[in-house]
Structure formats: C-alpha cells, structure tokens
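Asks: What follows is a single structure, and I will ask about it in a moment.
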C-alpha cells in the first residue's frame, strides 16, 4: 500500500475515534463554527456537532478519490503528490476537529495561535507538493488556460508556486499579531498567492510565445 493511502486511512480512523471518545463527556451543545477572530459563533447538539467534521473528512476523501480515478492525475510522481494533497487537506480538517475537542473538554486553544499555525503549515505543505505535480492533469494543481496548454508553463508555474506559498505561510503567521484581521490574513494570503500564480502562468506563456513566435 502506498504510504499516502495508509496515512489517509489513518486520519479517517483517528477522526472517527476522536468523535467516539469525546461523545460521552461532551456537553449537550458544542461549537461547530468559528468567526473571523477565531472565536466560536455557531453551536449544535452533540451528535451532529461531533459527526460533522468526520463526515466532511470522509466525503472529501471519497470525492477526490473518485475525481482522480475518473479523470486521472498524470504520471506516477504526480499521482503520489495528488495523494499527499488529499492527506494534507484531511490533516487540516482533523486539526480543526482536535481544536473542537479541546474546546468541548473545557481546554480551548488560543485561536490566535492555533489558526495561524495550522494554516501556515497547510500552505507550507502545499509549497512542498506543488513542484512534485510534474505533469498536467485535470484534478489537482495550478490549472489555468496557459498551464494546461503548455507543459513548460505548467512546470515553471508550479516551481514558482513553491516560493509563493512559503511566503503565504509566513504572512499567515503574522495574523497572530492582528487578531481583528486574523482570517483575512489566512484567506488573503492564499488568495493573493493564487492570483499571483495565475499571473505567473500568463507571463510564462507569453514569454515562450515570444521566444518561439
């Protein structure tokens, strides 16, 4: 079994186990959503509140798995990277579930520390995986009209993505110092990185057109 598959199944199992262990000691109402300052702003009954994140984790694994099987994900190196992308996403969701568990048990983690750190790690993980998406595919990667038209543009854009998402990770950590704009740092960093990489793909495509035109 591929390592990423084993880790994926392990995350799903841990998510279900966490919910099962927390349920007997959880209060009747638990938090299920956090606002832009990282504070709980929505609550639900115990059964639904503890089931929602494991359900999202399982649904995400199934959805991406079906998409990859149906559309393909390129060569073997790209397939492995795509598998680790799924694991990375599920790991992020499980980290949020752990945060929920600590809150339910009466030991909430400081959101100004927790959310910047887990999203910075998420973006850092993306930065390591992007260059490993070595072949074009219709499921995972920086899929712009220009990267999908030219394999060289695809490669250069994903190489640039490594640097860009490392910067996004650093900017996300700065959100801890600006609590009123915490999630704007988290979302804005990813959005800014994505927009920049779209521009990079266009510039690389035009550059190659000029050279070979």
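The values are calculated or read from the model by the stated rules, or taken from the named source; none is laboratory data. Note that the structure is a prediction, hence the values are computed from the model and not measured. Note that each Cβ is placed from the backbone with ideal geometry, even for glycine, and that neighbours are counted across all protein chains shown.
Asks: Would you pick out the residues in segment 1-32 that are exposed (fewer than 13 other Cβ atoms within 10 Å of the Cβ), modelled with pLDDT of 90 or more and in contact with a helix residue (DSSP H, G or I) (Cβ under 7 Å, 6 or more places away or on another chain)?
Replies: Those that are exposed (fewer than 13 other Cβ atoms within 10 Å of the Cβ), modelled with pLDDT of 90 or more and in contact with a helix residue (DSSP H, G or I) (Cβ under 7 Å, 6 or more places away or on another chain): none in segment 1-32.
Asks: Among the candidates 126, 186, single out the residue that is within 30 Å of residue 41 (Cα to Cα), modelled with pLDDT under 95 and surrounded by 15 or more Cβ atoms within 10 Å (Cβ to Cβ).
Replies: One residue alone meets the criteria, 186.
Asks: While we're here: State which residue is surrounded by the fewest Cβ atoms within 10 Å (Cβ to Cβ) when the search covers only segment 64-118 and only residues that are touching a residue at least 40 places away in the same chain (Cβ under 8 Å), out of contact with any helix residue (DSSP H, G or I) (no Cβ under 8 Å at 6 or more places or on another chain) and farther than 22 Å from residue 25 by Cα.
Replies: Going through the qualifying residues, I end up with 71.
Asks: Same structure again: Return the residues of segment 143-163 that are surrounded by fewer than 22 Cβ atoms within 10 Å (Cβ to Cβ) and under 20 Å from the mean Cα position of the chain (by Cα); say none if nothing qualifies.
Replies: 143, 144, 159, 160, 162, 163, listed by residue number.
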